[in-house]
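J.: Provided herewith is a single structure, encoded as structure tokens, for subsequent inquiry.
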Amino acid sequence: MDEALLRALTPRVLGTLVRRGAGFAAAEDAVQEALVEAVRVWPDDPPRDPQGWLVTVAWRRFLDATRADTARRRREDRAGEEPPPGPAPSVDDTLQLYFLCAHPSLTPASAVALTLRAMGGLTTRQIAQAYVVPEATMAQRISRAKRTVSGVRFDRPGDVSTVLRVLYLVFNEGYSGDVDLAAEAIRLTRQLAAVIDHPEVAGLLSLMLLHHARRAARIAPDGSLVPLAEQDRSRWDTGLIAEGVGILQAALARDRLGEFQAQAAVAALHADAPSAQDTDWTQIVEWYDELVRLTDSPVVRLNRAVAVGEADGPRAGLAELAALDDSLPRYAAVAAYLHERDGDPETAAALYAEAALKASNLAERDHLTRQAARLNTRGRRRAGIEGGGSSPGGPARPDGGA
């Protein structure tokens with residue numbers, strides 16, 4: 001069974017049913033039933049036209065459900081006669097389906113779940129496992145989302161930026177359960193790029209590829225987080241980096257700069273540096289300036305403060321940081337890093353400990369806790385030496401990793 005083929009065909013079959021008059025929720029249910037039937041039948045009897053087979057079976061399931069529901073008698077009049085089996089039309093409704101799944105009336109969590117179900121072809125169980133919630137909870141979330149978009153006109157213009165943000169949310173979930181959401185987000189973004197010529201779609205795809213290229217180097221054998229500056233760059237995927245840079249260059253050449261293109265440019269500069277010391281931080285600051293202009297985001301300003309600290313020294317970075325709200329996510333972690341580089345390990349250790357308490361996931365919390373412990377240990381050693389003790393190793397220089 002070619003699972004990749006099934007996932008690729010899912011949005012096309014769904015779009016065909018919706019275009020024929022099926023409501024989104026009913027069509028999605030029918031497509032899921034057809035996929036289950038394909039898993040059962042295809043290994044022994046593969047169809048000549050997989051898409052046509054799925055359309056035929058899904059349409060039959062839809063008609064059966066419509067006829068069985070007395071509250072939907074009026075839909076039988078529109079359903080008409082069952083279309084004959086045969087090759088499905090080549091109309092591709094993928095883009096419109098993305099717009100439906102990322103409809104502004106949906107919460108981000110619901111939009112992500114519906115996108116993974118309708119566009120990704122994942123089961124409710126797989127999505128629930130990926131988000132570490134009960135399957136029943138995820139089923140309710142998806143059902144509510146389908147009901148919300150069922151009344152939306154299929155030909156209604158959609159917002160590309162909303163679709164991209166949903167895909168970016170999927171990518172940032174990374175890996176959990178038996179579904180690799182980062183890889184799934186890349187697959188879906190490639191699919192979107194195939195049906196819409198938009199520089200920001202290309203920018204997001206480039207950003208995903210450049211980040212994903214570093215994946216193997218992010219986690220140490222003991223499961224701990226490895227900061228970017230300490231990663232073994234020989235483990236980065238040069239093929240993904242080359243593809244991501246090529247896509248980005250083509251997008252930037254169109255001179256329609258957007259947020260995801262600018263983020264990808266920052267990622268490309270990191271990928272281009274043979275070592276952390278060779279990173280072109282001056283250019284990175286310039287790209288963050290563009291991002292501030294495009295988004296005016298406090299989180300972007302926080303990341304810019306780190307870049308300024310690398311380009312112009314930690315005190316310059318701390319000056320940028322002082323202008324920001326200290327309740328921002330990762331503010332304490334950034335402050336800790338800059339204070340450490342500025343030669344103030346005591347303040348840095350306290351800030352690392354504070355940041356660990358606010359960390360959003362276990363890996364980050366463990367990393368920050370270890371950073372605080374490392375500096376506290378060095379402080380005790382330094383105090384021992386200054387007091388005439390015989391602690392081994394002597395005073396330690398602050399680590400420059402981030």
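The values are calculated or read from the model by the stated rules, or taken from the named source; none is laboratory data. Everything numeric in this text was worked out from a predicted model, so none of it was measured. Cβ sites come from the backbone with ideal geometry, for glycine too, and all protein chains shown count toward neighbours. Just the protein is used for accessible areas: all its heavy atoms, side chains included, with ligands, DNA and RNA removed. Shrake-Rupley method; radii C 1.70, N 1.55, O 1.52, S 1.80 Å.
J.: At 1.4 Å probe size, with no ligands or nucleic acids counted, give the accessible surface of Ser224 in Å², nearest ten.
T.: Rounded to the nearest 10, that gives 20 Å².
J.: So, one more: What ranking of Leu318, Leu302 comes out by heavy-atom accessible area, probe 1.4 Å, highest first?
T.: Ranked from most to least accessible, the order is Leu318, Leu302.
J.: Tell me, what is the FRET efficiency for Ser360 and Glu3 to the nearest 0.05, using R0 = 30 angstrom and their Cβ-Cβ distance as r?
T.: Given R0 = 30 Å and the Cβ-Cβ separation, E is 0.45.
J.: Report the full-extension gain for the segment Val152 to Thr238: residue separation times 0.36 nm, less the Cα-Cα distance, to one decimal in nm.
T.: Between Val152 and Thr238, full extension yields 26.7 nm more.
J.: Excluding ligands and nucleic acids, what accessible area in Å² is computed for Val132 using a 1.4 Å probe, to the nearest 10?
T.: Estimated to the nearest 10 Å², Val132 gives 120 Å².
J.: Still on this structure: List the residues, sorted by chain then number, that are 5 or more residues from Ile219 or on another chain and whose placed amide H is less than 5 Å from its amide H.
T.: HN-HN under 5 Å from Ile219: Val226.
J.: Turning to a different aspect of this structure: For segment 229-299, compute Rh as the Kirkwood radius over C-alpha pairs and then the Stokes-Einstein diffusion coefficient at 25 °C and 0.890 mPa s; write the answer in µm²/s, rounded to an integer.
T.: 188 µm²/s
J.: A follow-up question, please. How much length, in nm to one decimal, is gained on full extension between Glu230 and Val132, taken as 0.36 nm per residue of separation minus their Cα-Cα distance?
T.: 32.3 nm
J.: Using the Karplus curve 6.51 cos²θ - 1.76 cosθ + 1.60 with θ = phi - 60°, work out ³J(HN,Hα) for each residue of segment 129-139 in order, rounded to whole Hz, and write x for Gly and Pro.
T.: 5, 5, 9, 6, 10, x, 4, 4, 5, 5, 4
J.: Can I ask one more? From the square roots a ≥ b ≥ c of the eigenvalues of the alpha-carbon gyration tensor of segment 1-68, which class results: rounded (a/c under 1.5), prolate (a/b over b/c), or oblate?
T.: Verdict is prolate for segment 1-68.
J.: I've got another one for you. Residue by residue, what Karplus-based ³J(HN,Hα) values in Hz, rounded to whole numbers, does segment 99-105 have, using 6.51, -1.76 and 1.60 with θ = phi - 60° and x for Gly and Pro?
T.: In residue order, the calculated couplings are 4, 5, 5, 10, 4, x, 6 Hz.
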